[in-house]
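Asker: Have a look at this one.
The values are calculated or read from the model by the stated rules, or taken from the named source; none is laboratory data. As the structure is a prediction and not an experimental result, all values here were calculated from the model. Note that each Cβ is placed from the backbone with ideal geometry, even for glycine, and that neighbours are counted across all protein chains shown. Accessible surface is based on the protein model in full, side chains and every heavy atom, while ligands, DNA and RNA are left aside. Shrake-Rupley method; radii C 1.70, N 1.55, O 1.52, S 1.80 Å.
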Amino acid sequence: MSTATQSIREIVTSQPSAVGIFLRFDIDLCLQADLPLARACEELQLSVDQVIEKLADAAGKELGAVTFDPESLSLGRLIQHIVRVHHHCVRQELPRLAEMATKVSAKHSDRAPELTKIAELIENLRVAMYAHIQKEEQVLFPFIAQMEQDSIVAHPAAHACFRSVTQPIFMMEQEHESVGHILAELIGLTKHFEAPSWACATHRALFAGLRAFESDLEQHVHLENDVLFPRAIQLESELKARS
Ligand SMILES: [Fe+2]
Ligand SMILES: [Fe+2]
């Protein structure tokens with residue numbers, strides 16, 4: 001497994017799939033080849049933990065390791081995974097990206113006026129995502145986890161401030177759509193997160209970070225919309241049929 005102290009060259013030599021990950025994060029395979037991973041990430045203001053996590057995922061796939069199968073997890077374990085991996089990414093990355101966007105906009109909006117709007121959209125995304133994950137963690141996820149516990153001990157479904165789990169789920173899906181619109185706007189304004197040739201290191205790091213965040217959010221929303229929520233609705237209807 002790759003470590004923060006290994007150089008970019010050493011990692012690429014021992015793990016061919018690292019090339020794709022480094023390109024995705026805009027790590028320069030020539031100029032940064034001899035730097036330890038931690039230093040290369042620091043230069044681009046990237047989270048070294050996030051890069052190591054992506055390298056480990058790619059290494060797992062390369063070795064034909066058993067891939068992550070969310071359907072095989074209990075609802076409680078799936079929720080734990082979503083919070084630990086994806087909500088953690090929201091809390092770690094969005095303030096960092098918002099701060100970088102403010103700096104880049106202050107420095108370069110004369111040359112690229114869209115940077116002002118990009119900074120505004122990232123802040124909107126941060127506010128919307130913070131409120132969203134808080135509702136999931138405080139209301140919906142505990143309810144789903146409790147419902148699963150109830151199903152095991154054959155008790156009636158947990159009491160809540162809503163009539164059916166479909167209500168908060170519908171609300172969360174609407175919010176996923178709203179943040180999807182913000183990201184679509186960001187993709188348009190940044191031309192798919194491609195930094196211009198004159199961009200400074202912070203500008204490049206911002207776009208690379210946004211690209212990585214977008215990919216994480218896609219997986220995050222997929223796990224909720226396509227796996228967790230349908231299974232929770234199914235479980236609720238089974239519990240209602242029992243009572
Ligand atoms: Fe979530
Ligand atoms: Fe969500």
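Asker: Using Cα-Cα distances under 8 Å and only pairs 6 or more residues apart, what relative contact order does the chain have, in percent?
Answerer: That works out to 24 percent.
Asker: A 26 angstrom limit on the alpha carbon distance is what I want to check against. Which of K135/K240; K103/K191; K107/K135 exceed it?
Answerer: Correct reply: K107/K135.
Asker: Right, another one. Can you give the calculated 222 nm mean residue ellipticity of the chain, where each DSSP H run of n ≥ 4 adds -39,500 (n - 2.57) and the sum is split over every residue, rounded to the nearest 500 deg cm²/dmol?
Answerer: It lands at -21500 deg cm²/dmol.
Asker: Hey, what's the chain come to in accessible area per residue, 1.4 Å probe, Å²?
Answerer: For the chain, the per-residue accessible area is 52 Å².
Asker: How big, in percent, is the set of alpha carbon pairs in the chain lying more than 22 Å apart?
Answerer: 60
Asker: Expressed in nm², what is the orientationally averaged projection area of the convex hull enclosing the Cα positions of the range 105-151?
Answerer: With every direction weighted equally, the projected area is 3.9 nm².
Asker: How large a share of the accessible area of the chain, in percent, is made up of carbon and sulfur atoms when the probe is 1.4 Å and the other protein chains stay in place?
Answerer: Roughly 56 percent of what the probe reaches on the chain is carbon or sulfur.
Asker: On to the next question. Of L37, L73, H203, which is farthest along the charge dipole of the chain in the positive direction, counting Lys and Arg as +1 and Asp and Glu as -1 at C-beta?
Answerer: Of the options given, the answer is H203.
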